[in-house]
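For reference, the structure discussed in these notes is given below.
Rule-based calculations on the coordinates, nothing more; no lab input. The structure displayed is predicted, hence computed values, not measured ones. Virtual Cβ from ideal backbone geometry, glycine too; neighbours counted across all protein chains shown.
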Amino acid sequence: MFTGLVQATGVIRRSPRGVQVQWSLAPGGGWGPQSLALGDSVAVDGVCLTVAERLADGFRADVSEETLGRTTLAAKADRGGAVNLEPALRLADRLGGHLVSGHVDGLGVVRAIARQPASWRLELGWSDPAYGRYICEKASVAVDGISLTVAGCDPTGAGFWIAVIPHTWASTTLAQLAVGDGVNLEADLLAKYTERLLSAAGTEAGPPAESISGAWLADHGWV
């Protein structure tokens, strides 16, 4: 589990066995490859990878066909692309972003980038519009592993935009994005669990839809 607060950036390349990630920047001289242990989980552009081999300046990870097909890692590894890096969350850590699983839901595309007086406006769209149902104004979304807040969206949520502050812009790979680039997107876990619970209404897994009332929600700790 992660929080979407990037701790370093690096470069990903193909290796004879999976991919190799090399550190390029650890903001403030913080977390780096010397902190890694075999079996550690690392979010690489929002994709949870396991350290299979420690290297002097990074690590090697095995990557499944499912991960390569669902994310931007294959394309980035082929060209030696920049990636965002984050260590797994510890139970004692502050949750500064939002809960991010590192399991990418789907790809998105950069539709527009605009410089604002105090921020950057980043417009994105889901490649699969069906995932738009998880997006709403002020919702959380992970973009290449970065916890960001939705500033606004179209009626379906398939297209949305984000206001990115200068610190995030400078400390991550967002500044390297161009219109048309692909990004890894993970919707808020709470939205997906809520949808699953509500879809179970009327089955053995949940109460009948007509029984869900304010009193029922209160009795079950939802409000």
Let me spell out the model: positive unit charges on the Cβ of Lys and Arg, negative unit charges on the Cβ of Asp and Glu, origin at the Cα centre of the chain. What dipole size does that give, in debye rounded to 20? 660
Within the range 6-65, DSSP-loop trypsin sites (Lys or Arg not before Pro) with at most 14 other C-beta atoms within 10 Å are R17
Sort the following peptides by mean Cβ neighbour count (other Cβ atoms within 10 Å, averaged over residues), highest first: 192-199, 18-25. 18-25, 192-199
Taking a ≥ b ≥ c as the square roots of the eigenvalues of the Cα gyration tensor of the range 106-195, is the shape rounded (a/c under 1.5), prolate (a/b larger than b/c) or oblate? prolate
Of (i) 56, 42, 26; (ii) 68, 40, 39; (iii) 59, 42, 33, the label for Cα extents along the principal axes in Å derived from the coordinates: (iii)
What dipole magnitude, in Debye to the nearest 20, does the range 8-87 give about its Cα centre under +1 on Lys/Arg Cβ and -1 on Asp/Glu Cβ? 220
Mind running the shape call on the range 1-89? Use the C-alpha gyration tensor, a ≥ b ≥ c as the square roots of the eigenvalues: rounded below 1.5 for a/c, prolate if a/b tops b/c, oblate otherwise. rounded
Crossing angle, helix 189-199 versus the chain [Cα axis fit, 0-90 degrees, rounded to tens]: 30
Please work out whether the range 47-118 counts as rounded, prolate or oblate from its C-alpha gyration tensor, where a ≥ b ≥ c are the square roots of the eigenvalues and a/c under 1.5 means rounded, while otherwise a/b larger than b/c means prolate and anything else oblate? oblate
Using θ = phi - 60° and the Karplus form 6.51 cos²θ - 1.76 cosθ + 1.60, what ³J(HN,Hα) does each residue of the range 150-165 get, whole Hz, x for Gly and Pro? 6, 7, x, 7, 7, x, 8, x, 5, x, 8, 9, 9, 9, 9, 6
Ranked from fewest to most other Cβ atoms within 10 Å of their own Cβ, E66, E86 fall in the order E66, E86
With G132 itself left out, Lys, Arg at +1 and Asp, Glu at -1 over residues whose Cβ is under 12 Å from its Cβ give -2
Value of [θ]222 nm, deg cm²/dmol, for the chain, DSSP H segments ≥ 4, -39500 (n - 2.57) each, nearest 500: -4000 deg cm²/dmol
